[in-house]
1. Take residue 184 and tell me if it is closer than 24 Å to residue 381 by Cβ and either outside any strand (DSSP E or B) or modelled with pLDDT under 95 (or both).
2. Going through 368, 339 one at a time, which residue ends up being under 26 Å from the mean Cα position of the chain (by Cα) and part of a loop (DSSP other than H, G, I, E, B)?
3. For the range 192-268, which fully contained strands (runs of 3 or more DSSP E) count at least 2 residues that are over 25 Å from residue 164 (Cβ atoms)?
4. Is it the case that some residue within the range 251-258 is within 29 Å of residue 54 (Cα to Cα) and in the same structural domain as residue 198 (by TED's automatic domain parsing)?
5. Any residue that is surrounded by fewer than 17 Cβ atoms within 10 Å (Cβ to Cβ), at pLDDT 95 or above and within 17 Å of residue 211 (Cβ to Cβ) - is there at least one of those in the range 396-416?
6. How about the range 95-118: which of its residues are in a helix (DSSP H, G or I) and touching a strand residue (DSSP E or B) at 6+ places or on another chain (Cβ under 9 Å)?
7. For the range 154-164, give me each residue that is farther than 18 Å from residue 174 by Cβ and in contact with a helix residue (DSSP H, G or I) (Cβ under 9 Å, 6 or more places away or on another chain).
8. Going through the range 138-179 one residue at a time, which ones are assigned to a helix (DSSP H, G or I) and either in the same structural domain as residue 341 (by TED's automatic domain parsing) or crowded, with 23+ Cβ neighbours inside 10 Å (or both)?
């Protein structure tokens, strides 16, 4: 294939630091197919955001003092234990946890939701929209799941939940699964309105905040949700840690997520040779094994860094970038943005689109090879939603695209990278 001339936009390091939250990788250069190098534009933050410099500095400072936590008598173990539990308290403060709430450290949002699924009482009915990420759709296989149709407005979503909860058998425990922001379109969901409906019907609510927490404040008390789940790697924290925070009653009564050391209080062997176990009642019940101490530290450090910057500053920066990207893409013939609730809906820094005449995977590859831009192509682990949105975008009588391109950015994204993307897509579309 003949290579088209490549744009020569480059972002000076000084410009890349002119962001609310400086991140690692601002000075990383990648090769271009046309020759030469360019600073990497990391526009796939919805998958994994670059680590914040403040987070990395804290991890580096702790690394020489790393030790196993809990029950260790050595000085480093005692320090690590104190830091681990302090990290838990800091995450709880970041999320506005209430008295009695628990903060369980997991591997990811997916891990958190699977943990919660195992803690649901027998017979609990689960309600979720088909538009959710697979991590919020699939963990409930041991429970009756009502999969609600993809709504095309906030009012339609509220109405669907109201009708579905009203139709369930009286007295049946229920859990409503709600996303804070779509990982496909970035659009904010009517969380407060949906919670109000759930409360009216005596249902509990879990909030998938994987795409919300890096961009907007999440407060359990204010939102009145029962649980919230999110991932550290989307919150500018590396090392594979996640969080499930919220009510402790179902968690304390459930079988431990993993059986092993740390989750137990007492283990005895009876005269018949059988083991009897008394499990822990707090967060330790679901944190068996040696925990990811550095991961927990990184999540807490990210929470502190975001709180220090302030979500007003983060939102203002991201709105500016969103304006550049969305207005720029809208001006390119053949480019269509995917949307659930319409172009005016409030959203976080996630945009998915198609380019007429180009496969999404090819467009993403060319953005990488010719322009040094990292994006994502496919169905973004939300296949029912993306299929419906692509079908809606297809021209009448024509076969529509089978995947989309997703651009996502955040508090560490410089304006120049958003501008480079628009220029690149304009060249590709031409």
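1. Criteria met by residue 184.
2. The unique qualifying residue is 339.
3. Fully inside the range 192-268 and qualifying: 227-231, 242-246.
4. No, the range 251-258 contains no residue that is within 29 Å of residue 54 (Cα to Cα) and in the same structural domain as residue 198 (by TED's automatic domain parsing).
5. The answer is no; no qualifying residue exists.
6. 109, 110, 111, 112, 113, 114, 115, 116, 117
7. 154, 155
8. Hits for the range 138-179 are 157, 161.
The values are calculated or read from the model by the stated rules, or taken from the named source; none is laboratory data. Bear in mind the structure is a predicted one, so any value in this text is a computation, not a measurement. Positions of Cβ are generated from backbone atoms using ideal geometry, with glycine treated the same way; all protein chains shown enter the neighbour counts.
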